[in-house]
Amino acid sequence: MTLDQPAPIAVVRGAPTPQIQALFATFVARLGTPVRVVGVVEEEPVPGRAQLRSLTDGRRFEVFQELGRGSSACSVDAGSVVSACEAVRGDIAAGCDLVVLSKFGRLEAERSGLSDAFAAGLAGGVPILTSVAPKFDPAWSAFAAPLFVMLPPRLEAVEAWWRGLNRQAA
């Protein structure tokens, strides 16, 4: 990326997950209907029950599965996250201006979860807004470098990134 060419991916970092997800939801709401936004944000409608909510139709996908008391297995519901990914890929294929993906985490580092949605957005030339925990930086860099910029968890920073992309497109 050059100084006059904004990065097509913005990674928001520096706050707890719920705060970043709320920032994404606020940003999408402020964009309004002229901008076609697809993707998923993570919400916790019931404490301890994280879900991915589709920005297209409001569908919810469970992030964790109930494994029962005493289970030490990973409780991430990979199948549900992959279903969310497939829905987002379909939404990208139908056309959009922006893809918001809750985060690049363990599943995505293993090339599962939402990784195909990230790839579909990149292949379609659609800007992506996401978050990445520092522990996944090596996998993220292998996946997306040099196509991203890190942003602080501030609405103004995300809006400035978006304006920069739209200036370039104009």
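The values are calculated or read from the model by the stated rules, or taken from the named source; none is laboratory data. Remember, it's a predicted structure, so these values are computed and weren't measured experimentally. Cβ: placed from backbone, ideal geometry, glycine included. Neighbour counts: every protein chain shown. Just the protein is used for accessible areas: all its heavy atoms, side chains included, with ligands, DNA and RNA removed. Shrake-Rupley method; radii C 1.70, N 1.55, O 1.52, S 1.80 Å.
A few remarks follow.
- With Cα atoms, 0 to 90° folded angle of helix 17-31 axis to the chain main axis: 40 degrees
- Ordering Thr33, Thr56 by accessible surface, largest first, gives Thr33, Thr56; the 1.4 Å probe counts only protein heavy atoms, with every chain in place.
- Distance between modelled label sites at Ala25 and Glu159, nm, 7 Å Cα→Cβ extension: 2.0 nm
- Between the listed residues Ala94, Ala144, Pro134, the Cα displaced farthest toward the positive end of the dipole of the chain, a dipole computed from Cβ unit charges relative to the Cα centre, is found at Pro134.
- Using alpha-carbon coordinates, inclination of helix 78-94 to the longest axis of the chain, degrees: 30 degrees
- Calculated SAXS-style log₁₀ I(q)/I(0) at q = 0.13 Å⁻¹ - the chain, Debye, Cα scatterers: -0.60
- The range 90-154, accessible area per residue, ligands and nucleic acids excluded (1.4 Å, Å²): 41 Å²
- Calculated [222 nm] ellipticity per residue, helices only, for the chain: -12000 deg cm²/dmol; basis is -39500 (n - 2.57) per DSSP H run with n ≥ 4, divided by all residues, nearest 500.
- Solvent-accessible area, 1.4 Å probe, carbon plus sulfur percent, for the chain: 55 percent
- Between Arg167 and Thr17, the simple spin-label model (points 7 angstrom out along Cα→Cβ) gives 3.5 nm.
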